[in-house]
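The structure appears right after this line, and notes come after that.
The values are calculated or read from the model by the stated rules, or taken from the named source; none is laboratory data. If you're wondering where the values come from, they're calculated on a predicted model, not measured in any experiment. Every residue, glycine among them, receives a Cβ derived from its backbone with ideal geometry; neighbour counts consider all protein chains shown.
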């Protein structure tokens, strides 16, 4: 069975959201109204609605670092992750956690980066050399 993940969250300006998710992150825009817009978020659906974004705090403890909670994101093949990291750096993205390797030499070794969308919603993008190791323990 194939399934898609759907996540709906609040933003305060749809045009700014279109630029960030569409132009910078490369997501294709779907349906929209005056109060929300859908995007194809790398084969998953996100719905951005006008409203007050969730409050987040750096309370997640991962590999000796604090990460923003809650957050959402992507798991990409390493070359795609590297391309996105370069695109974000070139755009002057202020990272919560700069792109770096974590769990080096361990099961689940991954590259990661954290940043905020223009509304304060935290995203984590992970890169794996082999997607079959995502759930490695």
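Data for the structure
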| quantity | calculated |
| --- | --- |
| Filter result (farther than 13 Å from residue 123 by Cα, in contact with a strand residue (DSSP E or B) (Cβ under 8 Å, 6 or more places away or on another chain) and part of a loop (DSSP other than H, G, I, E, B)) within segment 55-94 | 63 |
| Every residue from segment 13-50 that is outside any strand (DSSP E or B), surrounded by 14 or more Cβ atoms within 10 Å (Cβ to Cβ) and touching a strand residue (DSSP E or B) at 6+ places or on another chain (Cβ under 8 Å) | 14, 17, 18, 21, 22, 27, 41, 42, 44 |
| Top-ranked residue of segment 95-128 - restricted to ones that are in a loop (DSSP other than H, G, I, E, B) and modelled with pLDDT of 95 or more, ranked as nearest to residue 8 (Cα to Cα) | 121 |
| Test: residue in segment 46-62 that is under 23 Å from residue 3 (Cα atoms) and within 13 Å of the chain's Cα centre (by Cα) | yes |
| Residues (touching a residue at least 24 places away in the same chain (Cβ under 8 Å) and surrounded by fewer than 15 Cβ atoms within 10 Å (Cβ to Cβ)) located in segment 81-92 | 82, 87, 91 |
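Each row is one residue, and each column tells you yes or no for (1) farther than 30 Å from residue 52 by Cβ; (2) touching a residue at least 12 places away in the same chain (Cβ under 8 Å); (3) under 15 Å from the mean Cα position of the chain (by Cα).
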position	(1), (2), (3)
105	yes, no, no
108	yes, yes, no
111	yes, yes, yes
122	no, yes, yes
125	no, yes, yes
133	yes, yes, no
